[in-house]
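Below you'll find the structure, written out as structure tokens, and then a few comments.
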Amino acid sequence: MKRIAIFLDAPYFRSQVSLLLGGRHAQRHQVQIDLPALREHLLNEAEDQLPDGDLLRVYWYDVPARSGRTAEHQAIDQLDDVKLRLAGRSGVGQQGALDSQLMTDLMQLAQQRAITHALVVTGSADLCPALLAVQGMGLRMHLLSVGPLQTAPAALVAEADLKRQWGVDMLDRFATWVGPAQEPAPDAYLGTAQGGSAMNTGWAPPVSQTDRPSLAAVAQTAHTHLSLGPLAVVFAALKPGLRSLPREIDSVLLSVGREEFGRALTESEKRELRREFQGLVRDEFEDQLTSHDEDRAD
């Protein structure tokens with residue numbers, strides 16, 4: 001019987017997605033990934049590569065954030081067929097700890113003959129010795145590159161039995177580039193103050209107090225966007241009374257605020273926007289409880 005397992009190096013994957021979609025490497029919260037959609041595409045990729053085989057599971061390798069497990073990690077735990085493997089701690093040497101965990105799992109599964117094929121999503125050439133070892137046990141190694149194969153380490157490509165790549169057209173199906181907050185450049189303000197026009201400096205004046213939306217309206221817009229967008233799984237896990245919002249959620253909330261206001265929010269506006277949003281989360285949670293109690297009464 002043929003059986004395949006998928007081994008995904010999350011830091012590599014996230015970095016490549018941000019590079020291809022945003023043109024730069026970014027922090028984890030600056031790329032939104034629709035996890036259920038990604039899971040489906042990974043399973044489809046495995047089926048395409050091994051049509052007559054079975055899937056063991058997807059191993060998702062990551063390192064904890066400075067604060068520990070992220071909201072994304074909690075959402076991954078809810079997915080079928082996916083096992084989260086957190087390796088090491090955030091900081092120096094984290095990629096080495098991740099590679100070590102991946103190699104250990106790969107070797108054990110090969111020795112136990114639990115799999116016959118391994119689909120590896122990584123860009124770490126340090127895995128080559130492990131790949132050679134398990135190939136010596138009869139395992140076939142499939143490499144999935146995020147981006148052109150030419151950008152993957154040559155040694156890694158050379159050792160793989162099967163090579164495939166995902167481009168931007170595939171990434172657009174499950175990933176969204178959020179990017180960092182963009183403040184106007186200092187020279188833009190200086191150009192306007194010295195008599196330059198908004199047209200030739202690229203700077204536009206803030207929306208007037210009378211024209212801008214209320215923070216409550218912005219919170220509602222973000223609430224709707226998050227409930228239907230790529231972070232819907234993370235959003236659904238929110239509970240009232242949180243001292244702080246998950247970074248992924250907070251990034252989208254502030255991004256919506258910038259778009260609606262036409263400028264970066266002040267610190268006091270950010271605090272008020274977060275309070276308005278958490279109020280919506282609390283109201284929705286209470287509505288769900290009320291609806292549940294009514295259903296039980298019926």
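Derivation of every value follows stated rules applied to the coordinates shown; laboratory data play no part. This structure is a prediction, so every number in the text was calculated from the model and none was measured. Here Cβ is always computed from backbone atoms with ideal geometry, including for glycine, and neighbour counts include all displayed protein chains.
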Modelled label reach - ARG282, point 7 Å along Cα→Cβ, region 237-267 residues with backbone N closer than 19 Å: 237-246, 250
Points 7 angstrom from Cα along the Cβ direction at ARG275 and HIS25: gap in nanometres? 4.0 nm
Linear extension gain, SER244 paired with GLU267, 0.36 nm per residue minus alpha-carbon span: 6.8 nm
Given R₀ = 35 Å, FRET efficiency for GLN112-GLN78 by Cβ-Cβ distance, to 0.05? 0.80
For the pair ALA158/ASP172, report the inter-label distance in nm, with labels modelled 7 Å from Cα in the Cβ direction. 3.6 nm
Surrounding charge for LEU253, neighbours by C-beta under 13 angstrom, Lys/Arg +1, Asp/Glu -1, total -1
Place a point 7 Å from the Cα of ALA217 in the direction of its beta carbon; the residues of region 252-272 whose amide N falls under 16 Å from it are 256-263
Per the rule of 0.36 nm per residue minus the C-alpha distance, extending LEU132 to ARG3 adds in nm 44.5 nm
